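Below you'll find the structure, written out as structure tokens, and then a few comments.
The values are calculated or read from the model by the stated rules, or taken from the named source; none is laboratory data. Please read these numbers as outputs of a predicted model, since none were measured by experiment. Here the Cβ is made from the backbone with ideal geometry for all residues, glycine too, and neighbour counts use every protein chain on show.
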Amino acid sequence: MNILVIRLHRLGDILQLTPMLEGIKRHYPGSITTFLTSDRLADALSGNPFVDRIMTIPELQWRRLAKGEFRDRTKAFLAVHRLAAFLREERFDLVINRQYEEGGILAAMTGAPQVNGGVFSPQCGHVFDDEPSRELFDAVKSDRRRNRRNLADWSLRIAGAPPGSGRRIPRGG
């Protein structure tokens, strides 16, 4: 199984995905896991035994271009278009989007048959096709403080890996 994980920014969130990455390898033996992130955060994933490949984008540069003059926005569009074509060529079986907004757009561009964690639909906006993602969205929307699961637990469920399939990172350690 060819799996893409998307998380573009926030170092702490990327580190909290470590149990999910291990859970993916346990739940989908023989899978190839690619992690798409910002070029600034790739070092946090290098050497991770549960990531087979790290793909990076110049996220901050693209954000600046997207906010710039027309010529800059054109450059940003072309760069994203090239990335989308490359992602489609990779033929991912499963995309696990842990980024939401931008990640949902990139997840949609892959053409993968299954996207967990949210995908962008031109007709509906950002949608959640998997039950754990809908539950997380509802929990955060209704009362974030009452949510008793941490990001690592939610991510395992969203990845389709059973609870306990990835080691938890103890608090403070």
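The table below lists the values:
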item: Test: residue in the range 96-114 that is out of contact with any Leu (no Cβ under 7 Å at 6 or more places or on another chain), without any contact (Cβ under 8 Å) to a residue 12 or more places away in the chain and not small (Gly, Ala, Ser); result: no
item: Helices (runs of 4 or more DSSP H) contained entirely in the range 6-108, each with at least 2 residues that are at pLDDT 85 or above; result: 11-16, 18-27, 70-90
item: Filter pass, Arg53 being exposed (fewer than 13 other Cβ atoms within 10 Å of the Cβ), under 15 Å from the mean Cα position of the chain (by Cα) and under 24 Å from Arg26 (Cβ atoms); result: yes
item: Residue satisfying all of: in the range 34-50; closer than 23 Å to Asp93 by Cβ and polar (S, T, N, Q); surrounded by the most Cβ atoms within 10 Å (Cβ to Cβ) among these; result: Thr37
item: Unique match (being touching an Asp or Glu at 6+ places or on another chain (Cβ under 8 Å), of a type in the set (A, V, I, L, M, F, W, C) and touching a residue at least 24 places away in the same chain (Cβ under 8 Å)) among Ile32, Ile24, Ile14; result: Ile32
item: Yes/no for Glu90 being touching a strand residue (DSSP E or B) at 6+ places or on another chain (Cβ under 8 Å) and under 16 Å from Arg7 (Cα atoms); result: no
item: Residue in the range 2-14 that is more than 12 Å from the chain's Cα centre (by Cα) and closer than 18 Å to Leu83 by Cβ present; result: yes
item: Any chance Ala85 is of a type in the set (Gly, Ala, Ser), more than 25 Å from Asn150 (Cα to Cα), free of Cβ contacts under 8 Å to residues at least 12 places away in the same chain and exposed (fewer than 14 other Cβ atoms within 10 Å of the Cβ); result: yes
item: Considering residues of the range 1-26 that are farther than 22 Å from Thr110 by Cα and out of contact with any helix residue (DSSP H, G or I) (no Cβ under 7 Å at 6 or more places or on another chain) only, the residue surrounded by the most Cβ atoms within 10 Å (Cβ to Cβ); result: Thr18
item: Within the range 89-115, tally of residues that are touching a helix residue (DSSP H, G or I) at 6+ places or on another chain (Cβ under 6 Å) and more than 19 Å from His27 (Cβ to Cβ); result: 3
